1. For region B:200-235, what are the residues that are acidic (Asp, Glu), without any contact (Cβ under 8 Å) to a residue 60 or more places away in the chain and either under 17 Å from residue B:25 (Cα atoms) or in a loop (DSSP other than H, G, I, E, B) (or both)?
2. How many residues, within region B:135-179, are among the polar types (S, T, N, Q) and under 15 Å from the mean Cα position of the chain (by Cα)?
3. For region A:163-217, which residues satisfy the criterion of being open to solvent by 30 Å² or more (accessible area, probe 1.4 Å) and not in a helix (DSSP H, G or I)?
4. I'd like to know if region B:150-161 contains one or more residues that are in contact with a Lys or Arg (Cβ under 9 Å, 6 or more places away or on another chain), charged (D, E, K, R) and within 11 Å of chain A (Cβ to nearest Cβ).
5. Does residue B:44 count as surrounded by 15 or more Cβ atoms within 10 Å (Cβ to Cβ), away from chain A (no Cβ under 13 Å) and part of a helix (DSSP H, G or I)?
6. Give the residue, chosen from A:149, A:124, that is within 10 Å of chain B (Cβ to nearest Cβ) and in contact with a helix residue (DSSP H, G or I) (Cβ under 8 Å, 6 or more places away or on another chain).
7. Considering only region B:125-166, state which residues are more than 22 Å from residue B:74 (Cβ to Cβ), open to solvent by 20 Å² or more (accessible area, probe 1.4 Å) and assigned to a loop (DSSP other than H, G, I, E, B).
8. Any chance region B:110-117 includes a residue that's part of a loop (DSSP other than H, G, I, E, B), more than 9 Å from chain A (Cβ to nearest Cβ) and among the basic types (Lys, Arg)?
Amino acid sequence: MIDFSILVNYFPYYIEGFLNTILASVLALIGSFVLGSILAVFRITGVKPLQWIGTAYVEFVRNIPLLLIVFFFWYALPTFGMRLDGFQAGTVGLTIYTAAFIAEAIRAGILSVPKGQMEAARSSGMTYVQAMLHVVLPQAIKLVIPPLSNQFINLIKNSSVLTVVAGLDLMYFADKVNGDSYATVSAYVFAGLFYLVLTLPMSYGSHVLERRLAKSS
Amino acid sequence: MITFHEVNKFYGNFQVLTGINLHVKPGEVVVVLGPSGSGKSTMLRCINRLEETSSGQLTVNGVRVDDRKTDLNKLRRNIGMVFQHFNLYPHKKVIDNITLAPIKALGVSKSEAHQTAMHYLEKVGIADKAQSYPSQLSGGQQQRVAIARGLAMKPQIMLFDEPTSALDPEMVGEVLDVMKTLAREGMTMVVVTHEMGFAREVADRVVFMDQGKIIEEAPPEQFFSAPREERAQLFLSRLLNH
């Protein structure tokens, strides 16, 4: 049923897709982490306009399908005079989408650090930023790692959305292999294996990190 | 040194503090008593603006705490605070708990901060725990670290918010002893507590609060032997006769 000659014959396709999936994931990971952190801070500062922006972003983006967001950057942006290729539209959409979830994970982590920690730090004359940096965030990171690594694994899997906008990712090339060879099952099974090569180490790594951090507290 | 003048505080429509007038002189130890929910902790937390007042004037060392323009961080460097639940930083060693604020907020050098920290750790009797993490310490030891942490900023005022309420009974003594020493050395202290023995022995003045108001203010001998107000009498009889 599974024909290994497919993997051998189309190896360059798989590798190109694999590398593009990695590139899209890494870009989106960095982008969504930065954007998500900013949004999380917006939501907890207590400054009303910032809080509003953060909440609106998270609630809006989180509650529409990823596919729709990617379609927006693919189909709608050109009408505003901006043209992105499939890879760019897909990666930007992925970043925008994932940032909402990362913002929530980080916010929850910060909020679950007891309030007394911030109070103790502030009452000893440290600024808000100092207290955040030296007291609250180091404790929040431990709590945030499991949900964050979940989000990153989701992100890698979600990058398959690039296929629908011809984003040259792994799934896109699996489609191509299928169209070319008609070996549907094999074509997609090998794509699945390539995804596992990315996601399994991440999953394992986060467990190890989690355990190590649990020990140090 | 600390002056409340007609201070009110609201949470929405609910009035937590009503017409608070209080003056704490330098070197004075004021113990605040009263039933739970009477506003004692809230009043204490107004002094370093962990809580905002709604109206009235509150001055510390001649600086208006309730003024938005006041440099809060500068004000707070001069006011140490000890919390009911210690609030030590669990991810930092005892020594780093104590040196953090002096290094970050005062800009003291690491070695100087270390020296000061060790000095105060010795003073509270647990210099040998400097390299431990808070979770490895008993409650009483943690609270003594918290006191050392407050003192390391060399403040003129120390605030204590029910410092022994979360402790096992056999550890209360060690914390109160440290506080007594401080009081004897002339530290200006405002202490919210349920420790009547401490109030009687150490306080220069007892302030009794109920429902957000200061009901009675008296020297401890007078307050404990002959409280004027009925509410205070009731409070004391319940505490002493259980």
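1. Just the residues of region B:200-235 that are acidic (Asp, Glu), to begin with: B:201, B:204, B:210, B:216-217, B:221, B:229-230.
Applying the additional criterion that residues be without any contact (Cβ under 8 Å) to a residue 60 or more places away in the chain yields B:201, B:216, B:221, B:229-230.
Of everything in region B:200-235, just one residue is acidic (Asp, Glu), without any contact (Cβ under 8 Å) to a residue 60 or more places away in the chain and either under 17 Å from residue B:25 (Cα atoms) or in a loop (DSSP other than H, G, I, E, B) (or both), namely B:229.
2. The initial filter retains those residues of region B:135-179 that are among the polar types (S, T, N, Q), namely B:135-136, B:138, B:141-143, B:156, B:164-165.
With the extra rule that they be under 15 Å from the mean Cα position of the chain (by Cα), the set shrinks to B:143, B:156, B:164-165.
Matching residues across region B:135-179 total 4.
3. A:166, A:168, A:182, A:217
4. There is at least one residue in region B:150-161 that is in contact with a Lys or Arg (Cβ under 9 Å, 6 or more places away or on another chain), charged (D, E, K, R) and within 11 Å of chain A (Cβ to nearest Cβ).
5. On the way: surrounded by 15 or more Cβ atoms within 10 Å (Cβ to Cβ): yes; away from chain A (no Cβ under 13 Å): no; part of a helix (DSSP H, G or I): yes.
No; evaluated as a whole, the condition is false for this residue.
6. Details: A:149 fails: within 10 Å of chain B (Cβ to nearest Cβ).
Result of the check over A:149, A:124: A:124.
7. Matches in region B:125-166: B:125, B:131, B:132, B:133, B:138, B:162, B:165, B:166.
8. Of all residues in region B:110-117, those part of a loop (DSSP other than H, G, I, E, B) come to none.
Scanning region B:110-117 turns up no residue that is part of a loop (DSSP other than H, G, I, E, B), more than 9 Å from chain A (Cβ to nearest Cβ) and among the basic types (Lys, Arg).
The values are calculated or read from the model by the stated rules, or taken from the named source; none is laboratory data. Bear in mind that the values here come from a model prediction, so they are computed numbers and not experimental data. All Cβ positions, even for glycine, are placed from backbone atoms using ideal geometry, and neighbour counts span all protein chains on display. With ligands, DNA and RNA removed, areas are computed over all heavy atoms of the protein, side chains included. Shrake-Rupley method; radii C 1.70, N 1.55, O 1.52, S 1.80 Å.
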